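Below is one structure, written out as structure tokens, with a few remarks after it.
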Amino acid sequence: MFSLMHSSSVLGVEGKGISVEVDIASGLPQVSVVGLPDPAVRESVERVRAAIKNSGFSFPLDRITVNLAPADLRKEGTAFDLAIAAGILTASGQLEARPFGQTMLIGELSLNGEIRPVPGVLAMIEQAKRSGIRKVLLPLANAREAAWITDMELYAITHLKELLTPNKGAEAWSDIRFDAAASRLNASAAAEEEHAEGYSDYSDVYGQQQAKRALLIAAAGKHNILFAGPPGTGKTMMIRRLPGILPPLTEEEALEVTKIYSAAGKLSTDARGLIRIAPFRSPHHTISAGGLIGGGSVPKPGEVTLAHHGVLYLDELPEFSRTVLEVLRQPLEDGIVTIARSRAVFHFPAKLMLAVSFNPCPCGYAGHETTEKRCTCSDSAIAKYRSKMSGPLLDRIDIQLEVPRPIELEGGSGDAPAVGSAQMRQQVLQARARREQRDNELGLKSGMRLSGTALRRSILMKKEAFELLDNALTVLNISMRAYDRILRLARTIADVEGSEWVEDVHLAEAIQYRRLDL
């Protein structure tokens with residue numbers, strides 16, 4: 001007897017449809033799984049055998065062949081367990097095959113027949129919808145995640161026994177049908193109350209007005225930012241508060257980010273809905289290049305992809321390996337990571353804000369010495385320390401700012417109260433709204449990054465500002481990449497100030513943020 005089930009796998013962050021073919025023939029009792037399975041898939045045979053027996057069914061004592069097609073694509077994970085079990089039960093005549101037609105089955109089996117959740121469900125359901133499949137049998141723990149893909153019939157299953165539908169067809173599954181619309185409604189209502197409470201407030205930061213303004217501008221225009229300065233000036237403290245002034249993700253962005261975290265196995269089954277707060281990733285400096293941009297025999301998302309539509313923070317930048325840092329060039333420029341393997345090419349989204357901080361030397365006090373703290377580093381040690389940061393990488397960082405020790409405390413007697421995250425976040429929202437309105441008027445896709453002639457034509461700039469920018473190109477010897485980035489940064493500054501035109505004062509501020517270039 002032959003049976004065909006539909007399942008899915010995740011390649012990168014996208015779903016891939018997998019056909020699970022089961023053939024039962026006379027012969028010595030044996031189960032063979034073919035189609036480039038990894039160890040987790042091969043071991044599914046024993047999970048399926050025990051689950052079938054412990055669910056009241058009989059495991060056939062015949063020769064069973066399970067083929068995972070397409071056969072030239074490597075399969076990994078435990079999401080095929082449910083499809084393999086259903087294929088064996090239908091091929092052996094213990095279940096009716098008709099209800100499983102054009103139905104995707106995903107889920108891991110425990111030895112007692114319970115259905116466990118699997119990662120990557122959002123990408124799998126999205127792929128099923130594209131391929132024309134509208135019915136999905138999946139673990140109950142994954143149902144709320146899958147509900148965000150509309151126009152799908154979801155059947156949330158908790159045990160293998162629930163597949164038993166003798167002579168009733170699909171109607172027998174009505175008691176396990178999941179109300180996806182109600183789930184989305186409840187999650188949306190909860191999301192309205194959700195905000196970045198987990199991040200400390202900028203009102204706790206005294207002084208550092210220029211650094212706060214730089215962070216405000218970076219958040220408004222999604223610009224990369226660098227803080228340099230001696231220890232104890234608040235570089236890390238201020239950058240870690242950055243997500244608190246970022247606006248919530250749009251519906252499209254939230255779906256993209258949630259799909260990435262689901263594919264990476266980092267999405268909690270307790271999550272009420274889509275990820276609405278911009279991600280903030282801060283890897284340790286011992287991270288490898290593969291851990292940063294993604295890798296593996298079947299590549300998985302790295303930190304740059306997990307920071308998609310959010311912030312990637314590299315604390316103490318020179319402590320990272322130069323080889324690791326150089327792999328950031330393409331993602332920062334293109335907003336995408338491309339990883340090639342012998343059998344396939346994988347693309348991972350990586351539209352992020354890069355935030356970095358570092359000390360001026362290994363001891364931290366070069367150029368910022370006091371009577372108590374003196375720099376003890378040799379010139380060669382400082383040169384070696386700073387050589388980790390290449391010119392092309394720094395060229396991709398729009399805001400480069402030295403953060404000195406605060407001279408006086410903001411909010412002291414007679415001073416205005418410190419500016420808090422709520423006020424800064426409101427300014428960010430207003431600046432982004434102005435940009436979105438301008439993009440709509442110009443017929444541009446929201447958030448589209450222009451360059452060259454197209455960028456200059458899209459920006460209203462006073463004659464004095466153009467002359468200042470041209471002089472900067474000649475006198476300061478900046479690159480054409482830096483030229484475009486300064487222009488975009490000046491446009492963001494004008495949006496923060498509520499100005500339709502980019503004036504010379506906006507451009508002068510943008511140029512002075514390129515301090516490491518000057």
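The values are calculated or read from the model by the stated rules, or taken from the named source; none is laboratory data. The structure presented is a predicted model; accordingly, all values stated were derived computationally and were not measured. All Cβ positions, even for glycine, are placed from backbone atoms using ideal geometry, and neighbour counts span all protein chains on display.
Tell me yes or no: at least one residue of the range 362-382 is of a type in the set (F, W, Y), under 30 Å from L487 (Cβ atoms) and in the same structural domain as F227 (by TED's automatic domain parsing). Among the residues of the range 362-382, not one is of a type in the set (F, W, Y), under 30 Å from L487 (Cβ atoms) and in the same structural domain as F227 (by TED's automatic domain parsing), which makes the answer no. Figure legend. Inter-residue proximity from the range 139-153: first residues touching a residue at least 24 places away in the same chain (Cβ under 8 Å), second residues surrounded by 21 or more Cβ atoms within 10 Å (Cβ to Cβ) and among the hydroxyl-bearing types (S, T, Y), beta-carbon distance below 7 Å, spacing 6+ or different chains. Indicated pairs: E145/S262. Residue count for the range 45-84 satisfying the condition of being of a type in the set (D, E), without any contact (Cβ under 8 Å) to a residue 60 or more places away in the chain and within 24 Å of S9 (Cβ to Cβ): 2.
Results for (1) of a type in the set (A, V, I, L, M, F, W, C); (2) surrounded by 22 or more Cβ atoms within 10 Å (Cβ to Cβ); (3) modelled with pLDDT under 90, shown as yes or no for each residue.
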site: A189; (1), (2), (3): yes, no, yes
site: E192; (1), (2), (3): no, no, yes
site: G198; (1), (2), (3): no, no, yes
site: Y202; (1), (2), (3): no, yes, yes
site: Y206; (1), (2), (3): no, no, yes
site: M237; (1), (2), (3): yes, no, no
site: L242; (1), (2), (3): yes, yes, no
site: L246; (1), (2), (3): yes, yes, no
site: E253; (1), (2), (3): no, no, no
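For the range 294-339, the tally of residues that are under 17 Å from M389 (Cα atoms), free of Cβ contacts under 8 Å to residues at least 60 places away in the same chain and either under 12 Å from the mean Cα position of the chain (by Cα) or in a strand (DSSP E or B) (or both) stands at 2.
Under the condition of being in a loop (DSSP other than H, G, I, E, B), closer than 30 Å to R184 by Cα and in contact (Cβ under 8 Å) with a residue 12 or more places away in the chain, the residues counted in the range 259-283 number 14. Among the residues of the range 340-370, just one is among the hydroxyl-bearing types (S, T, Y), touching a residue at least 60 places away in the same chain (Cβ under 8 Å) and out of contact with any Phe, Trp or Tyr (no Cβ under 7 Å at 6 or more places or on another chain), namely Y365.
Before we move on, is R481 buried (at least 17 other Cβ atoms within 10 Å of the Cβ), under 30 Å from L314 (Cβ atoms), within 32 Å of the chain's Cα centre (by Cα) and at pLDDT 80 or above? Judged against the criteria, R481 is not a match. Within the range 267-293, restricting attention to residues that are among the hydrophobic types (A, V, I, L, M, F, W, C) and under 15 Å from the mean Cα position of the chain (by Cα), the residue that is nearest to A147 (Cα to Cα) is L274.
Where residues in the range 361-377 are among the hydroxyl-bearing types (S, T, Y) and loosely packed, with under 11 Cβ neighbours inside 10 Å, which of them is nearest to the chain's Cα centre (by Cα)? Checked the range 361-377; the qualifying residue nearest to the chain's Cα centre (by Cα) is T370. Answer yes if at least one residue in the range 98-121 is farther than 26 Å from Q30 by Cβ and of a type in the set (S, T, N, Q), and no otherwise. Checked against the condition, which is being farther than 26 Å from Q30 by Cβ and of a type in the set (S, T, N, Q), the range 98-121 yields at least one hit.
On the stretch given as the range 454-467, residues that are assigned to a helix (DSSP H, G or I), surrounded by fewer than 22 Cβ atoms within 10 Å (Cβ to Cβ) and hydrophobic (A, V, I, L, M, F, W, C) total 3.
In a loop (DSSP other than H, G, I, E, B) and in contact with a Phe, Trp or Tyr (Cβ under 9 Å, 6 or more places away or on another chain): does that describe L226? So L226 does not fit the description; no. Return yes or no: is A344 out of contact with any His (no Cβ under 9 Å at 6 or more places or on another chain) and surrounded by fewer than 20 Cβ atoms within 10 Å (Cβ to Cβ)? Considered against the rule, which asks whether it is out of contact with any His (no Cβ under 9 Å at 6 or more places or on another chain) and surrounded by fewer than 20 Cβ atoms within 10 Å (Cβ to Cβ), A344 comes out as yes.
Candidates V324, V337, V311: the one that is assigned by TED's automatic domain parsing to the domain that holds E372, under 30 Å from V419 (Cα atoms) and crowded, with 18+ Cβ neighbours inside 10 Å is V311. Any residue that is within 23 Å of V356 (Cα to Cα) and of a type in the set (K, R) - is there at least one of those in the range 252-266? Among the residues of the range 252-266, not one is within 23 Å of V356 (Cα to Cα) and of a type in the set (K, R), which makes the answer no. With the structure loaded, tell me whether S7 is modelled with pLDDT of 95 or more and among the hydroxyl-bearing types (S, T, Y) or whether it fails that test. In short, yes. Checked against (1) farther than 18 Å from E126 by Cβ; (2) without any contact (Cβ under 8 Å) to a residue 40 or more places away in the chain; (3) touching a helix residue (DSSP H, G or I) at 6+ places or on another chain (Cβ under 8 Å), T286 meets all criteria but (3).
Residues that are surrounded by fewer than 20 Cβ atoms within 10 Å (Cβ to Cβ) and not small (G, A, S) number at least 2 in the following helices (runs of 4 or more DSSP H) confined to the range 56-160: 121-130. Looking only at residues in the range 17-36 that are under 30 Å from A350 (Cα atoms) and surrounded by fewer than 19 Cβ atoms within 10 Å (Cβ to Cβ), the one that is modelled with the highest pLDDT is G17. So is A264 assigned by TED's automatic domain parsing to the domain that holds V356, within 10 Å of the chain's Cα centre (by Cα) and surrounded by fewer than 21 Cβ atoms within 10 Å (Cβ to Cβ) or not? Spelling it out, A264 is indeed assigned by TED's automatic domain parsing to the domain that holds V356, within 10 Å of the chain's Cα centre (by Cα) and surrounded by fewer than 21 Cβ atoms within 10 Å (Cβ to Cβ).
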